[in-house]
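One structure is given here, and the rest of the page talks about it.
The values are calculated or read from the model by the stated rules, or taken from the named source; none is laboratory data. Model, not experiment: these values are computed from the prediction. Positions of Cβ are generated from backbone atoms using ideal geometry, with glycine treated the same way; all protein chains shown enter the neighbour counts. Side chains are part of the model used for accessible areas, which takes the heavy atoms of the whole protein and leaves out ligands, DNA and RNA. Shrake-Rupley method; radii C 1.70, N 1.55, O 1.52, S 1.80 Å.
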Amino acid sequence: MDFFASGLSALRGQKGQHQAGSETIDRLCERIEYGTLVEDRRSAVLALRACSREHKRDIGSRGVSVLCKVLRQDSMDLDITKAVLETLTVLCQADTEREGTQEFALEMSNAFLKVRGASSQTEVYSTASNADLQKIVAFENAFERLLAIIDDEGAISGGIIVQDCLQLVQNLLRYNVSNQNYFRETSCIQRIPALFHGEGIDDSGVHDPMMKDAWSDQKGNNMIMVLELIRVLVVPDHSNTTTNQKSMYQCGILQLLIDLSLTSNAPQRVKASAFYALAELIRLNKVNQDALSKAVISPAHPPYVHSEDPSSSLTPPTRSSAQLSRTSFQSGRGSALGHRFLEPRDRCPAIVEVVAIAVGQYPGCTYSVRAAATCLFQSFVLENPDTQMVLATTLNPPPEDNPNTPSHEKPQSPGTLLLGALQGWQEDGEVAATDPYNSWFATVLFSHILQNNTRAKAIALAITFGDEENGEDPVSLIHAIAAALMVAVKGGADVRVALGYLALLCVWCYDSSKSIKDFLSEGAHLQFLIELISPSSKEDPMVQGLAAFLLGICYEFNWEQDALITRATIQPIILSRIGLDHFAACITRVRESKPFKAAIPLMTVLPSEEGDGRLPNLFFDYSFVEFMKRTFERTQKSIAASPHNTRPQQAQQQTNNAEMESQLTALRSKVSRQDAEMAELRSKLEEAQQALSRQAQEREEYERKMAELRWEQQEGQMRYSALEKEHEDLLVCLAEQDDELTDLKGRLQALEVGGA
Amino acid sequence: MSSSFNYDYIIKYIIIGDTGVGKSCLLLQFTDKRFQPAHDLTIGVEFGARFVSVAGKQIKLQIWDTAGQESFRSITRSYYRGAAGALLVYDITRRDTFKHLTTWLEDARQHANANTTIMLIGNKSDLESKRAVSYEEGEAFAKANGLFFMETSAKTSANVEEAFVETATNIYEKIQSGIFDIHNEAHGIKIGPMHTGGSSLPIGAANGSGACCQ
């Protein structure tokens with residue numbers, strides 16, 4: 001059998017380089033198929049692999065079934081399995097070989113079910129890019145089979161196979177609308193909830209009910225894969241998203257995500273993923289947004305702060321938060337056990353907990369989780385003016401204490417949490433030094449409550465602090481924020497703190513003359529902005545840029561007649577102390593700064609960005625960046641306009657326009673949704689009509705046939721009766737003839753007798 | 001506004017009930033003595049205040065008006081806390097608003113104070129021709145659940161003043177009889193500077209929760 005062992009080289013040696021490739025492939029395939037010794041089969045497979053690049057077509061058309069067969073047969077032989085999979089992978093890259101690829105895909109989808117682990121990995125790799133392959137595999141009932149495998153393997157508690165299968169499902173769906181439809185139409189979305197509930201199986205595969213709450217790394221990976229799968233189906237602005245959002249709400253996925261992100265003890269990376277999935281699940285969907293608004297939860301215990309860490313007491317406060325976030329990555333088993341001994345926490349509205357996480361109420365939370373929670377909040381208020389206003393009204397603190405609950409937790413509303421984080425900066429110097437992001441996230445959330453919402457701005461303007469009855473002067477909220485900004489800049493706080501406050505003030509004052517009037521009613525505020533921007537200022541260029549933008553807004557929309565500081569006051573100061581060129585340069589510098597350009601739609605902090613005392617590179621919220629890009633040019637130009645110009649009608653209209661526009665967009669999206677629905681219904685109607693007309697045709701046909709048959713029958717009957725008559729006639733005739741015959745016979749006899 | 005510094009007690013109220021039963025109109029009639037037929041839907045929580053006189057004492061009523069919309073109820077519920085008085089409102093022309101009273105009552109009992117005085121109010125009594133819930137039914141529900149009961153009209157102002165004042169009177173009686181511990185703000189009562197019942201009262205102990213009134 002040495003001959004076989006020498007494999008391809010022997011073949012080549014015998015017949016040289018010119019032997020037709022197909023012949024070689026045939027022989028090798030035969031050997032793989034009929035070789036009785038495993039060594040023979042192995043060497044043939046290796047040989048086939050060696051020439052797979054040159055003879056893709058031949059192997060693709062003839063070899064795949066053989067390879068799959070041997071893969072099943074010799075799955076215990078590592079060399080064979082590996083070589084087969086490598087060969088198939090090579091074939092898979094041959095996009096031009098259409099036929100071969102298709103056949104391959106069919107075989108492959110059958111094969112991976114037999115040899116799960118290894119070949120599903122190949123499949124994962126091969127399906128990632130080829131849309132045709134994706135379709136073929138999907139229509140071979142791949143979803144059904146994959147979900148069955150995942151169930152078998154223990155859902156998210158399963159091993160790497162579950163992860164691979166989930167990855168495969170995801171590959172088949174991503175960017176492939178037809179597969180997404182297929183997935184939904186075959187009721188696969190309804191099977192997603194089951195994926196959340198894994199069995200308690202520990203690392204060695206032993207069933208352990210106590211392990212149900214523990215999170216191994218693999219379980220975390222699997223869960224994140226499930227969450228990614230959900231996100232693939234609700235990609236923002238995708239035509240299928242609304243329908244999928246509805247299905248997911250109906251089958252309970254929304255509630256599962258709320259539980260996973262807010263009440264479970266999942267590791268923080270899983271929670272971050274869950275927040276993003278939830279954000280996309282409720283985005284622009286009133287029903288789903290309402291569901292989150294109504295949700296009341298028992299919040300999970302926040303990640304631990306490990307106080308026994310000997311270094312923590314020695315390190316400066318700036319480092320401690322990073323250490324907390326690092327320890328919180330090691331969630332899982334340890335913390336799960338730890339949590340058991342803690343008392344249950346008060347139930348609270350889900351959105352309150354989301355805000356609490358975002359603004360840093362729990363020092364152990366990672367920035368990744370906080371950024372993800374912020375995204376969820378944005379999605380919650382996006383194109384939802386009612387929610388914006390409700391949240392604005394909660395800036396009024398709820399009454400304190402509740403004698404009916406034993407807990408001593410302070411009553412909290414989303415608004416009061418924001419106020420706490422916004423002001424906490426001033427009250428507690430140490431906290432501020434620890435984490436500039438507490439106020440930064442609060443300003444982002446607050447901006448989203450106010451953005452484009454005149455009524456929400458009015459509610460916020462009416463908020464004051466200070467007990468008038470105790471003789472304190474009430475301070476309005478906008479002044480409190482301006483004061484916090486000044487303290488941050490003068491105190492040399494991290495630049496993010498000032499950027500957050502400035503961005504908030506820009507959003508608040510934009511197109512709101514009442515807000516500007518209140519903001520400028522304290523002369524020091526204008527003075528402060530001018531100093532920040534003046535050419536001699538040594539402030540960070542980004543801070544200067546936003547200050548210039550804010551000043552521009554304060555000029556552009558300063559239309560209140562009885563304002564303390566009017567347009568006529570501001571313009572000369574800008575022209576003389578700053579100059580138009582420098583003013584424009586300030587705005588350009590912030591727009592060209594790296595952090596400004598780096599802002600992305602879904603605010604994200606990668607785990608690699610945090611830890612070891614580092615702060616992530618979040619400086620600007622993406623929607624603020626968009627807002628500034630959209631408006632800075634007009635604001636910049638307006639500085640040059642005369643202060644005595646009356647309020648342009650256009651601007652006045654724009655106030656209304658802005659509202660109308662938001663209504664319009666809402667209506668438009670509704671119309672487009674209804675359009676889609678109508679189109680769907682229309683196509684259904686058309687189908688039904690077609691079916692109907694087909695049936696009508698068929699019926700006509702039948703009727704025609706029936707008439708024909710009836711006619712034939714009639715004719716037959718007529719013919720039959722004619723024949724019967726004829727028959728009778730003939731019988732009569734016969735009888736007559738019989739008579740005649742007898743008569744004749746008689747006569748004949750008589751003649752014979754006479755003759756004899 | 002000079003009178004705002006002269007009161008014996010501040011009492012916290014909440015007004016709850018379905019959307020459109022006239023909660024905000026009742027408040028507006030009580031605080032401003034006017035009726036606004038096309039009142040905007042209340043969003044979130046709103047706030048009003050007025051002084052009333054009970055047994056010669058000046059009492060400031062601090063009233064939280066909450067939105068009836070179900071989708072935001074989980075958020076607005078935190079404002080029920082610490083209320084000494086609650087007006088539970090239904091619309092006598094809409095039976096469903098009467099049917100939902102049980103839910104509202106549970107909510108109030110769970111989130112407010114156990115000793116909270118609750119006044120059941122059948123509003124829109126001016127619309128007799130459209131009545132869908134009889135006076136007797138309202139009265140029976142109130143009796144069964146230990147509530148005070150009144151029918152009011154925010155439009156004609158019939159019984160509006162009485163509803164708020166009678167609730168305040170009952171709360172004042174509870175204070176006098178010691179059911180409410182006035183030294184504990186959790187009971188929704190705060191003692192004012194005019195109060196002469198004791199010299200060591202925690203006047204300055206308030207930390208801003210009552211400072212948002214306009």
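With a 1.4 Å probe on protein heavy atoms only, tell me which residues of region B:25-53 lose at least 30 Å² of accessible surface in the complex relative to the chain by itself.
Output list: B:I43, B:V45.
Leaving out ligands, DNA and RNA but keeping every protein chain, what accessible area does A:C375 have, in Å² rounded to the nearest 10, with a 1.4 Å probe?
Accessible surface of A:C375 is approximately 0 Å².
What is the sum of charges around A:L723, taking Lys and Arg as +1, Asp and Glu as -1, for the other residues whose C-beta is under 14 Å from the C-beta of A:L723?
-3
Take every Cα pair under 8 Å in region B:53-179 that's 6+ residues apart, average their separations, divide by the length, and report that relative contact order as a whole percent.
For region B:53-179, the relative contact order is 25 percent.
Name the shape class, rounded, prolate or oblate, that the alpha-carbon gyration tensor gives for region B:1-107, where a ≥ b ≥ c are the square roots of its eigenvalues, rounded holds for a/c under 1.5, and otherwise prolate holds if a/b is larger than b/c and oblate otherwise.
prolate
What distance in nm separates the simple spin-label points at A:R704 and A:D743, each placed 7 Å from Cα in the Cβ direction?
It works out to 5.8 nm between the two label points.
Explain nothing, just the number: relative contact order of region A:456-540, from Cα pairs under 8 Å at least 6 residues apart, as a whole percent.
This gives 23 percent for region A:456-540.
With every protein chain left in place and a probe of 1.4 Å, what is the accessible surface of A:Y720, to the nearest 10 Å²?
Accessible area of A:Y720: about 140 Å².
How about region A:531-636: which trypsin sites (Lys or Arg not before Pro) there lie in a loop by DSSP and see at most 15 other Cβ atoms within 10 Å?
Passing both the DSSP loop test and the Cβ count: A:K538.
So, counting K/R as plus one and D/E as minus one, what does the shell of residues with Cβ under 15 Å around A:L254 add up to?
+2
Once you put a point 7 Å from the Cα of A:T569 and another 7 Å from the Cα of A:S721, both along the Cβ direction, what distance in nm separates them?
Here the modelled spin labels are 11.6 nm apart.
Let me confirm one metric for peptide A:381-390, namely the mean number of other chain beta-carbon atoms within 10 Å of its residues' beta-carbons.
3
In peptide B:162-172, what is the residue-averaged number of other protein chain Cβ atoms found within 10 Å of each Cβ?
What the average comes to for B:162-172 is 0.
If the limit is 18 Å between Cα atoms, which of A:K294/B:K99; A:K271/A:K594; A:K594/A:K629; B:K23/B:K143 go over it?
The answer is A:K294/B:K99; A:K271/A:K594; B:K23/B:K143.
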